[in-house]
1. Go through segment 43-84 and report how many residues are open to solvent by 40 Å² or more (accessible area, probe 1.4 Å) and under 40 Å from the mean Cα position of the chain (by Cα).
2. Would you confirm whether or not segment 177-195 contains a residue that is surrounded by 19 or more Cβ atoms within 10 Å (Cβ to Cβ), β-branched (Val, Ile, Thr) and outside any helix (DSSP H, G or I)?
3. What is the residue count in segment 320-361 for residues that are in a loop (DSSP other than H, G, I, E, B) and of a type in the set (Lys, Arg)?
4. For residues that are modelled with pLDDT under 85, open to solvent by 10 Å² or more (accessible area, probe 1.4 Å) and not basic (Lys, Arg), tally how many sit in segment 379-412.
5. With the requirement that a residue be over 17 Å from residue 462 (Cα atoms), in a helix (DSSP H, G or I) and open to solvent by less than 60 Å² (accessible area, probe 1.4 Å), what does segment 486-502 give you?
6. Does residue 269 qualify as being assigned to a helix (DSSP H, G or I), in contact with a strand residue (DSSP E or B) (Cβ under 8 Å, 6 or more places away or on another chain), of a type outside the set (Asp, Glu) and open to solvent by less than 10 Å² (accessible area, probe 1.4 Å)?
7. In segment 272-314, how many residues are among the hydroxyl-bearing types (Ser, Thr, Tyr), modelled with pLDDT of 90 or more and open to solvent by 10 Å² or more (accessible area, probe 1.4 Å)?
Amino acid sequence: MEQLFNEPVDRLKGVGEKRKEALEKLEIKTIWNLLTYFPFRYEDLTVQEIESIEDRQKVVLQGLVLSPAHVQYFGRRKSRLSFRIKVDYAIIPITFFNQPYLARQIEEGATLKVFGTWDAARKQLSGIKIIGGSTANENEKFEPIYHSTKDISHTVIKKLVKQSWDLYHQELQELIPLDLIKKYHLLPLKEAIFNMHFPETEAIMDTARETIVFTEFFIFQIQAQYRRMLHKNIGKGRATHYQLERLQDFFASLPFELTGAQKKVVNTISADMKRPIQMYRLLQGDVGSGKTVVAAGAIVAAQSAGLQSAFMAPTEILAEQHYLSLQEFFQSFNIRVELLTGSTKTKARRELLEDLIRGKIDILVGTHALIQEDVMFNDLSLIIIDEQHRFGVKQRAALRKKGNDPDVLFMTATPIPRTLSMTAYGEMDVSVINELPAGRKPIETHWIRKKSLASLMKELARELENESQAYIISPLIEESDLMDLENAEELFEEYSKIFAPNYEVALLHGRMPSEEKDQIMSAFKDHKIDILISTTVIEVGVDVPNATMMIIHDADRFGLAQLHQLRGRVGRGQKQSKCVLVADPKGESGIERMKIMTETTDGFKISEKDLEMRGPGEFFGKRQSGLPEFKVADIVEDALVLEAARYEAEKILRDQKFLRDDNYLMVRSLVGIEDGKISDILD
């Protein structure tokens, strides 16, 4: 089997340097890559009766050729080939465009199978190919269609797959245990791969796909769960012997009671910290669910054991917000909190770093400035990373190296569907806060058409008269020929005409320097600005409890998750808040998004819908790395299979026989159990 993983594709006949390069662009470098380069669809080559065919349907007709092929040329490289066939008692005209070479395959008096598109009104077929010709074999029931490029055609890929199968299929071995193949009624791997490329029936095609889907998920879950086990090895990490009484005093000192969900998460994190293993936990919580106070509890626990914590946030303004929140939480607890960002002055920075290495600072909050080489802790035992997907893998790893296998708590305000967290965060433990604090009023969400803007301005005026503030969101800051969107500068001018000088109107956009953005945001927080016109730079940001209204222009241009994140910027105080979506969606998808937003404020329900509508590849945005690329499996459509694969992977890794039984030999090899390293052999 290893030969397949390593055997270069240019061992095949007909693969020279150019073709090898073309295949590499499709990520086909080895025989294994080629054998698992599965079709994305199939053409049904079953011969059909004329009476059962619908207009514009792709079909195969078989009949007697009544006339020789006639080729007519017109224009440069343009041609029309036409002939007639007799199907039962009907005479059917056949036309092929720009394929004059097919004439030699058409013999008067011969029986021919033609695949094409049916024109019901004219009772004729617009030909696509001749069955038994260059691409489809006479006896083929379904023709596999592969993704191809201008450098290598679908036909060539199909021939190379067939050659690979003929030469190497005997090398194929099972990747998953035989008992799971029986339990889930799957095919042996050899049969599954064959029937993915050369199926004879739809039923066998479906079973082959199920087998490949389960195999992909199972191998991924074994790898993810094995990584998780490595993180939990005894001896990696250390027990934090915190003072329970001090932790209880801290939560008792708060002016509010924790929700049930918060209490559950606090207990889980405390138990993690007490164990002599490294915590590696993701804390998911909707906007405003109270993740920061849970993190504060973990900091108190670490400090009570004489240990230090680090809290990293993606932006200076968010870091400052966490710094101020923690200072407020710890004001009567003698816990020293300091802030380190790129804006920290040189002298203050030098003094801060000296105190840090001497152990005089309990918790250092900051941006990526925390990972600079000269930032050294005395005894770092807890790391909290907010909006962790905004940091690269190397940045997160650099912070972990500041301590000796410290506990790590990742936090995100992006509610992530269970199926996605099982893949994107398969190696982490996941905790969820799915309950909002008591007294928090749900945000009212309304959708209006642009023609209703005048009445919306009156409503905004009433909010401002009530001394509230408002966010106005625009998706662009420049004119675009592609999209008819109102840009931020235009909105700024329009709102200024209506509300200035009685109210202060300001503009915030992504092209501003960080310092200027922070100044504007701080002024808005201090109520020196009444209306903030902004692009999506405020999506994850500061709490402004007095901001009670958000107006999102061209809301149909945003994804559901992004709309939900934006909406979460209001509703942070005691006043009733509202979010107004201004949109004239042209398609069904846009209308559906608007309706979903007005029907629920539950981030987890919204994220499930968003995943269904956009797919996993777009959920985090293009910059997010770490999502596995499955060749066949789809984490939305195949969610139940993913659950089953996760269950079986966990069960197998807990089994004492796993390290010895030959039934698991291939699985052990795939995850690199022999040398303790992960082998991404299927990537």
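The values are calculated or read from the model by the stated rules, or taken from the named source; none is laboratory data. Quick caveat, the model's predicted, so the values are computed rather than measured. As a convention, Cβ positions derive from the backbone with ideal geometry for all residues, glycine included, and neighbour counts pool all protein chains shown. Accessible surface areas use protein heavy atoms only, side chains included; no ligands, DNA or RNA. Shrake-Rupley method; radii C 1.70, N 1.55, O 1.52, S 1.80 Å.
1. 7
2. no
3. The initial filter retains those residues of segment 320-361 that are in a loop (DSSP other than H, G, I, E, B), namely 330-336, 341-345, 358-361.
Right, trim to of a type in the set (Lys, Arg) and you get 336, 345, 358, 360.
Total meeting the criteria: 4.
4. Total satisfying the criteria: 9.
5. The answer is 488, 491.
6. Values: assigned to a helix (DSSP H, G or I): yes; in contact with a strand residue (DSSP E or B) (Cβ under 8 Å, 6 or more places away or on another chain): yes; of a type outside the set (Asp, Glu): yes; open to solvent by less than 10 Å² (accessible area, probe 1.4 Å): yes.
In short, yes.
7. To start, the set of residues in segment 272-314 that are among the hydroxyl-bearing types (Ser, Thr, Tyr) comprises 280, 289, 292, 304, 309.
Within this subset, residues satisfying the condition of being modelled with pLDDT of 90 or more are 292, 304, 309.
Next cut, open to solvent by 10 Å² or more (accessible area, probe 1.4 Å) only: 292, 304.
Of the residues in segment 272-314, 2 are among the hydroxyl-bearing types (Ser, Thr, Tyr), modelled with pLDDT of 90 or more and open to solvent by 10 Å² or more (accessible area, probe 1.4 Å).
Per-residue answers, yes or no, for (1) touching a helix residue (DSSP H, G or I) at 6+ places or on another chain (Cβ under 7 Å); (2) of a type outside the set (Lys, Arg); (3) under 16 Å from residue 432 (Cα atoms); (4) without any contact (Cβ under 8 Å) to a residue 12 or more places away in the chain:
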residue	(1), (2), (3), (4)
238	no, no, no, no
247	yes, yes, no, no
251	yes, yes, no, no
267	no, yes, yes, yes
278	yes, yes, no, no
288	no, yes, yes, no
304	yes, yes, no, no
